[in-house]
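Please treat every number below as a calculation from the coordinates, not as lab data. Remember, it's a predicted structure, so these values are computed and weren't measured experimentally. No Cβ is skipped: glycine too gets one built from the backbone with ideal geometry, and neighbour counts run over all protein chains shown.
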Amino acid sequence: RRWPIVVWGVGTITGLLAVSVLLIPDWPVMWLRQLLEHPTYTYIGSPVEILADAFPSMSGVIAVAMGGALTLYLFWEWAKAAGKADRWFQWAAALTIVVTNLVVFRTATTNYVVLLPALCLIFSVLTDRWRAKGDVVVLLAMVALLFGLWGLFLTTIEGNVESPLMYLPVPILTLFGLWWARWWAIRAIRLSQ
């Protein structure tokens, strides 16, 4: 059932890449150059590295262990989702987005816009389970994210550089939200079928 989506998605991306290379032939080389230079002017690593920095003497080992554990967990969830219902696939895809944002080499808070599908899945489960109360909880969560993140930003900014603390709340809360929503996103729907 998913193959037409995959084929159309890959075909669209291939077509867009072909047109972009025709219009700007050297953009892939420029992109790779920028990708390699990025670590030279950014000093904040992944959220996993930021958490591991709480233990300076072992931060490298802890970061690799946490990143490896999250990646192995992601592979395990993919294996469990293979061939299952669409909602399970959606949950696994949302988990993929969150885990990759936690373990990347370098990140920026602007990259967290890709976490919106995961948040939408969590909010969908909330409203499905709790109806009107779920709507209120979703609204309160969005308000808390808005004011909480701005409050954290304004109280931790150092000159014109974001604090590493800004990199933690959104992906970590989204991960915990996905874990909370997992039972309802996967099992509850399967039980009702």
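Laid out as a table, the results:
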| item | result |
| --- | --- |
| Within-14-Å neighbourhood charge of ARG129 [Cβ basis; K, R +1; D, E -1] | +3 |
| Bins of 10 Å from zero: percent of alpha-carbon pairs in the chain | 8, 26, 32, 25, 9, 0 |
| Residue order, fewest to most surrounding Cβ atoms within 10 angstrom, among SER20, SER124, SER46, SER57 | SER57, SER20, SER124, SER46 |
| With 10 Å bins from 0: P(r) over segment 1-41, alpha-carbon pairs, percent | 26, 30, 29, 14, 1 |
| Cα→Cβ-extended label distance, 7 Å offset, between ARG131 and TRP180, nm | 2.1 nm |
| 222 nm mean residue ellipticity, helices alone, for the chain (DSSP H n ≥ 4; -39,500 (n - 2.57); rounded to 500) | -25000 deg cm²/dmol |
| Normalised contact order of the chain, rounded percent, pairs of Cα under 8 Å and 6 or more residues apart | 22 percent |
| Ranked list, fewest to most other Cβ atoms within 10 Å of each Cβ, for TYR73, TYR112, TYR167, TYR43 | TYR43, TYR73, TYR112, TYR167 |
| Most mobile of PHE89, PHE105, PHE147 in a GNM of the chain (Cα contacts under 10 Å) | PHE147 |
| Gain on full stretching of the segment that runs from SER57 to LEU145 - 0.36 nm per residue minus C-alpha separation | 28.4 nm |
| The chain: DSSP helices with Cα axial extent of at least 15 Å and average Kyte-Doolittle hydropathy no lower than 1.6 | 3-23 |
| At R0 = 22 Å, FRET efficiency that the Cβ-Cβ distance of ALA65 and THR42 yields, to 0.05 | 0.45 |
| Quotient of C-alpha Rg and 2.2 N^0.38 Å, computed over segment 78-162 | 1.34 |
